[in-house]
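Remarks on the structure that follows.
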Amino acid sequence: MITLPIFSPLEARVLGVLIEKEKTVPDTYPLSVNTLTLGCNQKTARDPVISASETEVLEAIDSLKSYALIIESSGSRVMRYAHNSRKAFKLPEQSVALLAVLMLRGAQTAGELRLNCDRLHPFGDISAVEAFLDELAEAETPWVIKLPKLPGSREHRWTHLLCGEVDVETLKPTSIATHRRIDSDEVAELRADVARLNIELVQLREMVEKIQTALGM
């Protein structure tokens with residue numbers, strides 16, 4: 001039986017980044033603390049977006065080393081760090097990939113996980129993702145939990161338990177009404193862009209016509 005550690009959010013982020021970068025940037029892996037910090041603070045493919053210092057990341061590394069989850073090596077006068085999750089957790093690559101994406105991007109549906117895991121481990125279909133999620137959820141000490149469906153949603157979301165028990169209420173995204181408002185704001189922006197481009201197109205056509213007239217074309 002594996003006793004799950006209770007990570008801080010930053011420790012989970014550090015571990016998730018190391019698992020991700022092993023697959024996505026193998027040429028620069030293991031990572032220096034500077035590169036690892038940049039990965040933790042990415043503005044894309046992260047939920048929530050954070051701003052951690054190198055000192056805070058080093059503290060998280062030291063904590064993860066106590067669980068044998070971090071392998072430290074020196075190269076080019078800079079310490080570098082790799083993860084040891086598969087061996088420490090005794091989990092297959094597919095499960096580690098799912099946990100990493102949950103640690104990096106927060107609660108997601110099986111469909112979202114399949115898409116977001118593609119560079120870490122490609123799953124053939126959603127049922128394969130669900131099979132590994134069910135296995136993680138049904139372990140003697142569960143790694144993940146299936147969240148209740150949101151109003152109007154057809155799929156359950158999943159989240160990891162590496163930071164302890166979760167409060168389902170805090171994991172609810174903004175209300176459906178807010179999402180609709182955001183969607184309509186985005187549509188309005190796109191329409192404004194299209195209108196601007198149409199005006200510019202008309203002006204360009206007029207300019208071309210003037211040039212053609214001047215050239216007697």
Averaged over all viewing directions, the convex hull of the alpha carbons in region 9-170 casts a projected area in nm² of 9.8 nm²
Select from I61, A100, T44 the residue farthest towards the positive end of the dipole of region 15-100; place +1 on Cβ of Lys and Arg, -1 on Cβ of Asp and Glu, and compute about the Cα centre. A100
Quick one: 3J(HN,Hα) in Hz for region 58-63, Karplus 6.51/-1.76/1.60 with θ = phi - 60°, rounded, Gly and Pro as x. 4, 5, 5, 4, 4, 5
Those trypsin sites (Lys or Arg not before Pro) in region 94-169 that DSSP places in a loop and that have at most 16 other beta carbons within 10 Å: R119, K149, R154
3J(HN,Hα) from dihedral phi, region 86-97, Karplus parametrisation 6.51/-1.76/1.60, rounded to Hz, x for glycine, proline: 4, 6, 5, 7, 6, 10, x, 4, 4, 5, 5, 4
One finds the C-alpha centres of region 20-51 and region 67-106 to be spaced, in Å, by 12 Å
Amide H neighbours of S32 under 5 Å, counting only residues 5+ apart in sequence or on other chains, H built in-plane at 1.01 Å? Y81
List the residues whose amide H sits under 5 Å from the amide H of T109, counting only those 5 or more places along or on another chain, with H placed 1.01 Å from N in the peptide plane. W158
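Only Lys, Arg, Asp and Glu count, each charged at its Cβ (+1, +1, -1, -1), so figure out the dipole size of region 78-174 about its Cα centre, rounded to 20 debye.
Using Cβ point charges on Lys, Arg, Asp and Glu, region 78-174 gives about 380 debye.
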From phi via Karplus (6.51, -1.76, 1.60), per-residue ³J(HN,Hα) for region 4-15 in Hz, x at Gly/Pro: 6, x, 9, 8, 7, x, 6, 4, 5, 5, 4, 5
Using only the alpha-carbon atoms, what does region 100-167 span along each of its principal axes? Please give whole angstrom values in decreasing order. 30, 29, 21
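Here, each number is a calculation from the coordinates, and none is a lab measurement. Small disclaimer: the values here were computed from a predicted structure and weren't measured. Glycine gets a Cβ as well: all are built from the backbone with ideal geometry, and neighbour counts include every protein chain shown.
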